[in-house]
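Asks: My questions all concern the structure below.
None of the figures in this text is laboratory data; all of them are computed from the coordinates on show. It should be emphasised that the depicted structure is a prediction, and the values quoted were computed from it without experimental measurement. Note: ideal-geometry Cβ built from the backbone for every residue, glycine included; neighbour counts use all protein chains shown.
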Amino acid sequence: MNRKPSSFRTLALVGVLTLILALVLAACGAPAAPAAEEAAPAAEEAAPAAEEAAPAAEEAAPAVETKYKEAPMLAEMVAAGELPNVDERLPEEPLVEEVAESIGQYGGTLRRAFLGPSDHNNYVRVVYDALVRFSPDGSEVIPHIAKGWESNDDFSEWTVYLRPGAKWSDGEPLTADDVMFWYNDILLNEELSPSPSGWMVNADGSTATVEKIDDYTVKWTFGQPNTAFLLDLANKDGADLSIGNLAYAPAHYLKQFHPAYADADALQALVDEAGFETWVELFTLKALPQTNADRPTTAAWVPDNSTVADQVFVLKRNPYYVGVDTEGNQLPYIDEVRFTFFADKEALNLAAVSGELDFQARHINMSNYPVLKENEDKGGYHVVTWPTFGGSDAVIMFNQTYENDPAVGELLRNKDFRVALSYAMDREAIKELAFLGLGEARQGVPAPNHPYYPGDEYAYKYTENDPDQANALLDGIGMTERDGDGFRLMPNGEPLDIEIQVIPAFGNWTDVGQLVVEQWADVGVKAHVEIRERALGFQMRDTNELMTEIWNEDTTGFPFSGQPKMDPRSDPALTFGPLFRKWYQTNGAEGVEPPDEIKKLVEIIDEGKVSGRDRQIELAQELFKIWADNIWEIGTVGLTPMIQGVVVVNNDLYNVPDTAGNDWPLRTPGDTRPETYYFAQ
Amino acid sequence: MEPVTDLDVGPKDVHDLEVAETIEDWTGAIGPGLGPVEDAEAINVAPNWKLVWWRFRKHKLALFSGVVVIVIATVAIFPGFFATMDPHGSRSTMSFVPLQRLRFFHDGTFEPFVYGVTGARNPETLRMEWVTDEEVIIPVSFFVEGFEYKVLGFITTNIHLLGTAEGPTEENPFFLLGSDRLGRDQWSRLMYGTQVSLSIGLIAVMVSVFLGVLMGGISGYLGGVADLIIQRLIELLQSLPAIPIWMALTAALPRDWSVEKTYFAITLILALIGWTTLAREVRGRFLVLREEDFVVAAKLSGANQRRIIFRHMVPTFSSHIIAAATLAVPVMIISETFLSFLGLGLRPPAISWGVLLQEAQNLQSIALAPWLLLPGVAVIITVLALNILGDGLRDAADPYSH
């Protein structure tokens, strides 16, 4: 049979390679000097580009000759006196964004789909509104709203430079005060942030300090070297509907909702009016643009009187967006982004097939790839694939602190049991039936050629389909007795039925689960798939009620920043070990003390956060060796575009790259610069 | 006591008996064409069930539907025998195989076979594409050995009605109704689905009938406070919209229940809501009958209540109950199907028609494998057959009506 995995794999490799490069720059030693320098040339570049732009300016002749060009709709507003001209709106040194294909044309509406209020990260991924961003291939951290950065020699102090003249979407200046407002009034406010976000906590438990150097310069000071700073900063974009994921906020707007500034009675009136109990609830709602269309942002598009709670969530262009293309045209090219609500994912896929969506990867089901391909011409779109590099696109994670049934918990903690279940799996069958024959059978460790790759021995460890060995291992742990249907009883003689939770989020995980259940039954282990709604499933992770769960391995490239799956302390809680998390949170007062191997993981992660690049690579490889060897997660098939990697692109839409780093920390497609996408008019 | 005229006593009435004054009238009522033996004398002495059968026999469509129902019921009793493969067994290389038509004659001789199919994944679209290979003849024989199954839950056997010599293999596929996305045989899944869907319908109706006769009987025979309470209960239950109630109850079933437990719970839920109409009918019958001469006679002869109810009254309207029950079965089947279709009823790995349809409600099945919607046809045929049969039975239930 003639299949295509090789080309997919190549794409994955390209992505991974770039990632490596990027991480090298961003995460460790390098960023200090080079990154800051990088910012400078970029700014210089803007000037010549602007000169070139002048002759090309033909659309909507503004009354005043301007250095930069703007969209016709904004030019009209300028002409009508409703807006300052484009030069005044842009910062002194605008962000110059490269385009993937060609300089674009203004106009058009980008039609997308979303699944309602719980799909708020759909917005986050499109606008990717943070001080710094990951580059399109995911390989490095690049300046965005911030102009650049610098660190001291041991990486414990980070100075971030804002863009003088940059403005919020309502025209108010964006200054160091907006960062300080976040720091003093959100992060350090005990009501708003009962425990400060993990990235701002020093090794000794104190909170890192942030100080204003001048109007456009802010300095972070950590108690120890922090090589993960930029990686963390690149994800402070209000994701997950959490004010903990901010690093700057519009002080001029939010002060009216904050008791430190607002008049107490006026604030109480606002709280009452909104039907809330406390100002915290009101502030949390008002502080994020996903839930409050009035909240100024710095993104390319801003909510237009609608939120994720609406049937149609419309974003319109931000006249003050700091980015221009290399010819000095202010971005974004596209006037409007329109998210249409779909109650049903299949209906969303159908809309994509009939060409009603211009650009969509989120919620596109990889199983529909053949249908999408066959209807490309009819629907006027083409399909691009962005394979993931996390390692496994469906992994079964075992709860190491399960207590509802102690005998089951004992088994889930037994490595031989997990190894047996891994040997019982026929990954080739899973690949054919649930992955369209794409990808490869492997454990959840980074892709090959990623510097963190622990080696073939670990990537393919326990992945052979070997029922004999599985049976021998199961017999060995005392599961020799069987019930009337031939299923093994637990060593204590009780029947066993493992629940595999599936949240039908992004992948074809229900089918993977069903196949696994069938394959485990062949060695006498009974299991069933339990499909749960996302919010409920996440809650049950937290309350330690899950035995096992299928998710994808999405953070292996980022073990030392954010919320990696390998860190039992991650937030929100993972199935891995909710009681370990509690143990760490309470400094050992509550929860369950982790065994040495898991403590070792935490030690490695903590050391990685303060180490230089070479040491980080060593540490990450060691981490993934322990990870694969202990098989707390059983990997199935990886390096496929299953997770938000099947991209439907309107044939008239340009600048969508053919390859891109695809991972949640990269905010894909946000890392591919959607503001440079344009429609051929 | 409520006046008799207000009661729903069904389409016909035993009072017709008094109207029919002559044998001629009776024969007229039963209609012509009774056959050689059923002359006036025969009718005179024939028991009720015979009269019903003679009447029913004339309804050709109902008769045909009856045959269809019997066939489906046979499948439901012996799904393993009719299945050709393990309904749960997935085959990694055989997803979305289209229908393989069973052909009976090869080169003019009776030699059932199917053509082989070969498939490959299209490198461009990644779709599994199958072509019929007329060079490959896969002989199909009857009463072949296949996978093991249990007949009625206790006799283990491996004999199947249809099958290929060495069972379906990669070189030798045999998918009468195609395969699904996991390479499972749809024909076999349909057979097992028939068992689950039909038995849920039947068991639910049996429970309904039991409840209906019990509650209706108490209500109609005792009257008074019991009648009042039961009637208000029925009104309450009937005023609740059935579909949301079913959905709420099934959604409340613990998710960790086993397939069998869920199955019985759903059956019970369907039955607990479904008994009210029957109870009303039974009550009406009781109200009418208890004033009848033969009941009064039995009473005067000193028969006790139980004897009067079960010996004298119930037999006179048992045919109505059977007809009403038959008509209730398709409603139950449809209910199970849509609950499962919505993901609230049975869930995989259970197989029912609703589950099969639920698994087919996605873009790729509709666009690439339309044969996965065939279980819908099975539902339509079964429901139609049961409805027509029930209709025929209801018409025949009172052989004295015009």
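Asks: Compute the FRET efficiency between B:Thr74 and B:Gln238 as 1/(1 + (r/R0)^6), taking r as their Cβ-Cβ distance and R0 = 30 Å, and round to the nearest 0.05.
Replies: For R0 = 30 Å, the calculated efficiency reads 0.30.
Asks: Sticking with this structure for a sec: Report, in whole Å, the centroid distance computed from the Cα atoms of the stretch B:298-312 and the stretch A:640-666.
Replies: Going from one Cα centre to the other spans 81 Å.
Asks: Moving to a separate point now. Report, in whole Å, the centroid distance computed from the Cα atoms of the stretch B:225-279 and the stretch A:314-393.
Replies: So the separation of the two Cα centres works out to 45 Å.
Asks: Apply 1/(1 + (r/R0)^6) to the Cβ-Cβ distance of B:Leu63 and B:Val377, taking R0 = 25 Å, and write down the FRET efficiency to the nearest 0.05.
Replies: So the FRET efficiency works out to roughly 0.70.
Asks: Defining a contact as two alpha carbons under 8 Å apart and six or more residues distant in sequence, what relative contact order in percent does chain A show? Provide the component values of the computation, followed by the final result.
Replies: Details: 1518 pairs, mean separation 139.1, N = 681.
Relative contact order of chain A: 20 percent.
Asks: Let me ask another. Need the full-extension length gain, A:Thr109 to A:Asp596, defined as separation in residues times 0.36 nm minus the C-alpha distance. One decimal, nm.
Replies: Values: separation 487, 0.36 × 487 = 175.32 nm, distance 5.45 nm.
Extra length available between A:Thr109 and A:Asp596 comes to 169.9 nm.
Asks: Any of A:Lys147/A:Lys236; A:Lys431/A:Lys461; A:Lys67/A:Lys316 with alpha carbons more than 19 Å apart? Name them for me.
Replies: A:Lys67/A:Lys316
Asks: Check A:Val646: other-chain or 5+ apart residues with amide H under 5 Å from its amide H, H built from backbone geometry?
Replies: For A:Val646, whose amide H was placed from the backbone, the distant partners under 5 Å are A:Trp386.
Asks: State, as an integer percentage, the relative contact order of the stretch B:189-396 based on alpha-carbon contacts under 8 Å between residues 6 or more apart.
Replies: On the way: 230 pairs, mean separation 63.8, N = 208.
Relative contact order, the stretch B:189-396: 31 percent.
Asks: Determine the relative contact order of the stretch A:452-553: mean sequence separation of Cα pairs under 8 Å and six or more apart, normalised by residue count, in whole percent.
Replies: It comes to 26 percent, rounded to a whole number.
Asks: To continue, here is another question. How big is the Rg/Rh ratio for the stretch A:309-413, C-alpha atoms only, Rh by Kirkwood, two decimals?
Replies: On the way: Rg = 21.3 Å, Rh = 18.2 Å.
Reported Rg/Rh (Cα atoms, Kirkwood Rh): 1.17.
Asks: Applying a 10 Å radius around every beta-carbon, put A:338-351, B:299-312, A:283-296 in order of their mean neighbour count, most first.
Replies: A:283-296, A:338-351, B:299-312
Asks: Next up: May I ask you to evaluate 6.51 cos²θ - 1.76 cosθ + 1.60, the Karplus curve with θ = phi - 60°, for each residue of the stretch B:335-352 and list the ³J(HN,Hα) values in order in whole Hz, giving x for glycine and proline?
Replies: Computed from phi, the couplings for the stretch B:335-352 are 4, 4, 4, 6, 5, 5, 4, 7, x, 9, x, 6, 10, x, x, 4, 10, 9 Hz.
Asks: Treat each spin label as a single point 7 Å out from the Cα along the C-beta direction, and report the A:Asp265 to A:Thr586 distance in nm.
Replies: 4.5
Asks: How do B:Val67, A:Val637, A:Val517 line up, fewest other C-beta atoms within 10 Å first?
Replies: Numbers: B:Val67 11, A:Val637 25, A:Val517 19.
The most exposed by this proxy come first: B:Val67, A:Val517, A:Val637.
Asks: Then there is this: Quick one: 3J(HN,Hα) in Hz for the stretch A:625-635, Karplus 6.51/-1.76/1.60 with θ = phi - 60°, rounded, Gly and Pro as x.
Replies: Ordered by residue, 3J(HN,Hα) equals 5, 4, 4, 6, 5, 7, 6, 5, 10, 9, x Hz.
Asks: Which value in nm describes the separation of the simple spin-label points at A:Asp485 and A:Gln681, placed 7 Å from the Cα toward the beta carbon?
Replies: Using points 7 Å along Cα→Cβ, the separation is 6.4 nm.
Asks: Next question. I'd like the FRET efficiency for A:Ala505 and A:Ala347, computed as 1/(1 + (r/R0)^6) with the beta carbon distance as r and R0 of 22 Å, rounded to 0.05. The partial results should precede the final answer.
Replies: Details: r = 17 Å, r/R0 = 0.76.
After rounding, the FRET efficiency stands at 0.85.
Asks: Starting from the Cα-Cα distance between A:Glu281 and A:Asp377, subtract it from 0.36 nm times their residue separation and give me the gain in nm to one decimal.
Replies: 29.7 nm
Asks: At most 15 other Cβ atoms within 10 Å plus a DSSP loop assignment makes a site exposed; report the longest stretch of chain B without any exposed GluC sites (Glu not before Pro).
Replies: B:172-290
Asks: May I ask for the angle, rounded to the nearest 10°, between helix A:36-56 and the longest principal axis of chain A, with both axes built from Cα atoms and the value confined to 0 to 90°?
Replies: That works out to roughly 50 degrees.
Asks: Tell me, how many Å apart are the Cα centres for the stretch B:321-397 and for the stretch B:172-223?
Replies: Using only Cα atoms, the two centres lie 9 Å from each other.
Asks: So, one more: On a 0 to 90 degree scale, rounded to 10, what angle separates helix A:5-27 from the longest Cα axis of chain A?
Replies: 60
Asks: What number, in nm² with one decimal, is the all-direction average of the projected area of the convex hull of the alpha-carbon atoms of the stretch B:189-396?
Replies: 13.3
Asks: If Lys and Arg each add +1 and Asp and Glu each add -1, what is the summed charge of the other residues whose beta carbon sits under 13 Å from the beta carbon of A:Tyr458? Please report the intermediate quantities before stating the final value.
Replies: On the way: positive: A:Arg442, A:Lys461, A:Lys625; negative: A:Asp456, A:Glu457, A:Glu622, A:Asp629, A:Glu633.
That works out to -2.
Asks: Here is a further query. ³J(HN,Hα) across the stretch A:431-440 via Karplus (A = 6.51, B = -1.76, C = 1.60, θ = phi - 60°), whole Hz, x for Gly/Pro?
Replies: Couplings: 4, 5, 8, 10, 10, 6, x, 8, x, 9 Hz.
Asks: To the nearest 20 debye, what is the magnitude of the charge dipole of the stretch B:90-183 about its Cα centre, counting +1 on the Cβ of each Lys and Arg and -1 on the Cβ of each Asp and Glu?
Replies: Here the stretch B:90-183 has a charge dipole of around 440 debye.
Asks: Using 0.36 nm per residue of separation minus the Cα-Cα distance, give me the extension gain between A:Thr543 and A:Glu211 in nm, one decimal.
Replies: In short, 115.7 nm is gained.
Asks: Within the stretch A:514-637, how many Lys pairs that are eight or more residues apart, or on different chains, come under 19 Å at the alpha-carbon?
Replies: Lysine pairs, 8 or more places apart or on different chains, close enough: 12.
Asks: What residues have an amide H closer than 5 Å to that of A:Arg532, excluding those fewer than 5 places away on the same chain, when H is modeled at 1.01 Å from N in the peptide plane?
Replies: Here the answer is A:Val502, A:Ile503, since their amide H atoms fall under 5 Å of that of A:Arg532.
Asks: Net charge around A:Glu336, counting only other residues with Cβ within less than 10 Å of its Cβ (Lys, Arg = +1; Asp, Glu = -1)?
Replies: Around A:Glu336, the charge tally is +2.
Asks: Still on this structure: Counting Lys and Arg as +1 and Asp and Glu as -1, what is the net charge of the other residues whose Cβ lies under 9 Å from the Cβ of B:Arg181? List each step's numbers first, then the result.
Replies: Details: positive: B:Arg184; negative: A:Asp511, B:Asp180, B:Glu359.
Neighbourhood net charge equals -2.
Asks: Let me ask you something else. Along the Cα→Cβ direction, 7 angstrom out, place labels at A:Ser195 and B:Leu161. What is the inter-label distance in nm?
Replies: 6.3
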